[in-house]
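The values are calculated or read from the model by the stated rules, or taken from the named source; none is laboratory data. This is a predicted model, so every value here is computed, not measured. Every residue, glycine among them, receives a Cβ derived from its backbone with ideal geometry; neighbour counts consider all protein chains shown. These area figures cover heavy atoms from the full protein model, side chains too; ligands, DNA and RNA do not enter into them. Shrake-Rupley method; radii C 1.70, N 1.55, O 1.52, S 1.80 Å.
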Amino acid sequence: MRAQEVLTALQEKLGERLRAPEVRTEAIGHKRTLERELVWAEIDRDDLLEAVRTLRELGPLHISIISGVDAGDRIELIYHFAVGYGTPDGEVMVNFRLSVPKNDPVVPSICAVLPGALTTEREKIEFLGVQFSGIPDARKLFLPDELEVHPWRKDEPKLSDYVRYTVAWEAKKDEKGEAGA
Amino acid sequence: MKHAELLERLKLSGFKRALWVYHLNTGGCNGCDIEILAALTPRYDVERFGIKLVGSPRHADVLLVTGTVTRPMYERVKRIYAQTPDPKVVIAIGGCASTSGVFYDSYNVMGPVDNVIPVDVYVPGCPPRPEAIIDGVVKAVVKLERLLEGKEG
Amino acid sequence: MKKAKLEPEGMAGEKRAGKTCPACFEVPIGPIHPALKEGIRFTFWVEGERIRAVDIRPGFMHRGIEFMGTKRNLVQLIYLAERICGICSVSHPLALVQAVEQAAGIEVPPRAQYIRVIIGELERIHSHLLWAGVAAHELGFDTLLHYVWKVREPVLDLLEDVTGNRINYAIPIYGGVRRDIPPEKYPKLKDALRYYRSLVDDFVSFFLRDPSIEARTRGVGPLSPEEADSLCAVGPTARASGLRKDLRQDWPYFAYPDLEVKALTPEDMGLEVRGDVYDRIVVRLLEVVQSIELIERCLEEMPEGEITSFPKVAALMAHLKKAEGEGIGRHEAPRGEVIHYIRLEADREAPVVWKVKAPTYSNFMPWFPMFEDQEIADIPIVAASIDPCICCMERVHIVRGDREEVIWKEELLRLSWEKTKRVASRVAPHASLGRKG
C-alpha cells in the first residue's frame with residue numbers, strides 16, 4: 001500500500017470535502033533506504049464515517065489512537081489510522097484532523113465500522129468532554145467516577161482543586177506562573 | 001548481602017518465625033513489582049529465609065507498597081492497611097512510594113504512600129535492586145521484633 | 001463453537017447478561033493490578049462454571065501521565081515516558097524520541113539506530129521470559145516459574161552491563177542514544193545469546209510438549225482472526241490469531257529496514273492457527289528466537305560512528321526550544337504497538353499535545369470475546385495471555401442478592417491450579433502432543 005493510492009481513493013470518495021491533503025515522507029534505513037509515508041488531511045465530522053469506510057475497503061485497517069486537544073472555542077481531534085498491515089513496508093499512516101465547536105461537541109462514533117475504536121472513543125468522552133453519537137457504551141473508562149472534570153479541557157475551573165502538588169517546589173513555580181512555560 | 005550475613009542478622013534479631021509479606025501496587029509502573037518478584041526467584045531466593053509472599057493482607061506481617069498513590073487507590077490502601085493484623089510493618093519500595101518520584105502535579109495522584117498510611121522502612125531506587133529490597137525487609141524484621149517485645153508502640 | 005459477536009452492542013456486559021442469562025452470578029475481580037493505565041476490575045456474569053458476559057473497568061493505576069507531560073520539558077518527558085511501564089521501560093521512550101525527532105527534524109546516526117534495536121530486542125527477550133514465568137504460575141507450575149525467572153537473570157545482567165541499570169535503562173535521547181556498546185562488550189553479548197539459543201529446546205519441551213500445559217491452554221481464550229482484525233488487537237495477541245501484524249515488518253523504523261523482520265505466527269512453527277492461549281505461547285517463544293537472531297545480526301552489521309547528533313545537551317535543548325511541528329512515533333513493544341503523538345510549539349519547552357497509547361490499550365477490546373464461554377478457573381490464564389503486565393487478580397467478589405462473599409486472588413489461583421491437577425491426571429503423559437491438528 002502506498003500513500004498515493006490511499007489519497008486517491010479518499011479523494012475519489014470525498015472530493016473537495018477532503019481538505020488540505022498532504023503526504024509527508026521520511027527517509028529511513030541505513031543499508032536499505034525506504035520512504036515512509038504519512039497521509040494528513042482535514043475532514044468534517046459528517047464525512048468521517050465515509051472516510052473510515054473507504055479506508056476499511058482499501059486494506060487491513062487498524063486504529064492506533066484518537067488524540068485530541070482543546071483549541072480555544074473548538075476541540076480538535078486527530079484520528080490516527082494505519083492501513084495495510086501484514087505486508088512488509090506496506091503500512092501507511094492516515095491522520096484525519098477533525099474540529100468540533102465546544103458548544104456542540106458531537107462526533108459520529110466509528111465503532112460500527114471498526115469496533116476496536118471503542119476504547120479510545122470512551123477515553124475521549126471523559127478526557128475532552130466530546131460526545132460520540134451512536135457509541136454503544138459511553139461509561140467512564142480510565143477516570144474515577146468521583147472526578148467530575150475533563151482533565152484535558154483548558155476551561156475547567158474546578159480542575160485545579162483536584163491537582164495535588166506533591167512536590168513543594170513545583171507548587172511555588174506555579175504561583176509565579178512559570179509552569180509549562 | 002551474603003547469605004550467611006543475612007542469616008546472622010536474622011538470628012541476631014531473634015526473629016523466630018517466618019516473615020509473610022503482602023505486596024500492594026498503589027499506582028506504580030511495575031518496575032519495582034518485577035524486582036520484588038525477582039527477589040523471590042532462584043537467584044535471590046528469599047524463601048530460603050522464610051520470607052514468603054502471601055495473597056491476602058490478613059495473613060501478612062509486612063506490607064510491601066510500590067508506586068505513588070492514585071486517587072482510586074487512596075481508600076483501598078487504607079483499607080488494606082487496616083486489614084493487616086498487628087504488629088505490622090510497612091515498607092515503601094522505590095522512589096514513587098517514598099516521595100512520589102516523577103509523578104507530581106496531576107489530578108489523579110495523591111502523593112507518596114506516607115501521605116496515606118504510616119511507613120516504617122523506605123527503600124530508595126528506581127527501581128531498587130532485589131538486594132536492596134531484601135535489605136529493606138531485614139530492617140523491617142528488626143522493627144517487628146522490637147514491636148513484638150513491646151519496646152515501640 | 002466459535003462465536004462471532006462483533007457488534008459493539010455486545011460489549012456492555014451487564015446489558016447482555018440481563019438479556020441472555022438472567023440467572024447469572026455476578027463475579028467482580030480486581031481492581032488491584034499492576035499496570036500502567038490498566039489497573040483493572042473485571043466483572044463476570046457466570047452460569048455455573050461458564051462465563052456468559054464480562055465487563056472490564058480499568059483506571060485504578062491511571063496517573064494522568066499525558067496531563068503531567070504537558071507541563072514538563074522534553075528531556076523530563078523521557079524520564080516520565082520511561083516510567084509509564086517498568087517492564088517495557090525502553091519502548092515508550094523509543095516511540096517518544098521518534099515522534100520528537102520527526103517533529104523537530106533531528107537526524108539520528110546509524111550506529112545509534114542499531115543500538116536502539118539491540119536494547120529493544122533485549123527488552124523483548126526479558127519481557128517474554130517474564131511473561132512465560134507468570135503464565136506458568138497462573139497454571140500452577142511454580143517450578144517452571146522459578147526456572148524461567150532464573151534464566152531471565154542473565155539478560156538483565158546484560159542490560160545492566162550495557163546500560164547501567166536492570167530496569168529503566170535511560171538509553172534513548174533525542175538524536176541518538178546516551179551510551180555506546182563498545183566492541184569489548186560484544187563477546188559477552190554473544191555468549192549470552194548463545195546461552196539463550198541452547199535453552200530453546202528446553203523451552204519448547206517444557207511449554208509446548210507438556211500435555212498438561214497443552215490441555216490447559218489449547219482452545220482456551222480463543223480469538224478468531226476476524227475478531228483480532230476488527231477489534232484492532234496488536235502484538236503477539238494479534239499474531240497468535242494469524243494476523244501478520246508487526247510494526248517492525250509493516251512500518252520499519254530505526255535499523256529495522258536493514259534487518260527485514262518478518263512477523264511470526266504459529267504457522268512458522270508448522271502449526272495450524274487457532275488463536276488460543278497455546279498459540280500465544282508459541283508466538284512468544286518464536287519471538288525470543290527471532291530477537292536473538294536480530295541482536296546477533298545487529299552486532300555483525302553495526303556501523304562505526306557517532307552515537308548522537310547532539311553530543312552537548314545544551315545544543316539539543318536549544319534546538320528543541322526552536323522546534324515547531326508534530327510527529328508520530330511508533331514502536332513494536334514486546335506486547336504490541338506503542339504510539340506517541342506529539343505537537344511542539346517554538347519557545348515553549350513543554351509539548352502542546354502528548355498522546356500515548358500502550359499495547360494493552362489496543363488489546364483491551366479483544367479480551368471480551370476471549371473470556372466468553374470460558375470457565376472461571378481459566379480466568380487467570382486468559383487474562384494473562386495478552387500479557388497485560390503481570391497478574392491482575394487480587395480478589396474476587398461473588399454477589400447474589402444480598403449475600404456477598406469475598407474470595408482473594410489465592411482462591412482464584414487455587415481454582416486454576418486444581419484444574420491443572422485434574423486435567424493432568426486425565427492426560428496420559430506424552431500423549432497428544434501439541435502438533436498439527
Quiz item: Which one of these does C:Arg284 not meet: (1) under 22 Å from C:Trp367 (Cα atoms); (2) assigned to a helix (DSSP H, G or I); (3) within 13 Å of chain A (Cβ to nearest Cβ)?
Solution: (3)
Exercise. Could you tell me whether the stretch C:264-272 includes any residue that is small (Gly, Ala, Ser) and surrounded by fewer than 17 Cβ atoms within 10 Å (Cβ to Cβ)?
Key: yes
Quiz item: on the phi < 0 side of the Ramachandran plot, open to solvent by less than 10 Å² (accessible area, probe 1.4 Å) and free of Cβ contacts under 8 Å to residues at least 24 places away in the same chain - does that describe any residue in the stretch C:68-75?
Solution: yes
Quiz item: Just one of B:Tyr107, B:Tyr122 is under 12 Å from the mean Cα position of the chain (by Cα), of a type in the set (Phe, Trp, Tyr) and either within 30 Å of A:His150 (Cβ to Cβ) or away from every other protein chain (no Cβ under 14 Å) (or both); which is it?
Solution: B:Tyr122
Quiz item: Of the residues C:Glu107, C:Glu138, C:Glu160, which single one is not in a helix (DSSP H, G or I) and not aromatic (Phe, Trp, Tyr)?
Solution: C:Glu107
Quiz item: Quick check: anything in the stretch B:137-150 buried (at least 18 other Cβ atoms within 10 Å of the Cβ) and within 14 Å of chain C (Cβ to nearest Cβ)?
Solution: no
Quiz item: Among the numbered criteria (1) touching a helix residue (DSSP H, G or I) at 6+ places or on another chain (Cβ under 7 Å); (2) at pLDDT 90 or above; (3) away from every other protein chain (no Cβ under 11 Å), which single criterion is violated by C:Ile328?
Solution: (3)
Quiz prompt | Hits in the stretch B:115-145 (condition: under 13 Å from B:Leu63 (Cα atoms) and of a type in the set (Asp, Glu)) | solution = B:Asp120
Quiz item: Among the residues of the stretch A:2-35 satisfying the criterion of being open to solvent by less than 60 Å² (accessible area, probe 1.4 Å), over 13 Å from A:Met93 (Cα atoms) and small (Gly, Ala, Ser), which is nearest to the other protein chains (Cβ to nearest Cβ)?
Solution: A:Gly29
Quiz item: Pairs under 9 Å by beta carbon, first residue under 17 Å from A:Leu159 (Cβ atoms) and at the interface with another protein chain (Cβ under 10 Å from one of its Cβ atoms) in the stretch A:118-129, partner of a type in the set (Asp, Glu) and assigned to a helix (DSSP H, G or I), six or more apart or different chains?
Solution: A:Phe127/C:Glu66
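Quick check, is B:Ala97 surrounded by 21 or more Cβ atoms within 10 Å (Cβ to Cβ), more than 7 Å from chain C (Cβ to nearest Cβ) and either part of a loop (DSSP other than H, G, I, E, B) or small (Gly, Ala, Ser) (or both)?
Taking the combined requirement at face value, the residue satisfies it.
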Self-check item: Every residue from the stretch A:130-151 that is more than 9 Å from chain C (Cβ to nearest Cβ), farther than 24 Å from B:Met73 by Cβ and not aromatic (Phe, Trp, Tyr)
Solution: A:Val130, A:Gln131, A:Ser133, A:Gly134, A:Ala138
Quiz item: Out of all the residues in the stretch B:118-136, which are open to solvent by 10 Å² or more (accessible area, probe 1.4 Å), of a type in the set (A, V, I, L, M, F, W, C) and farther than 15 Å from B:Cys29 by Cα?
Solution: B:Val119, B:Val121, B:Ala132, B:Ile134
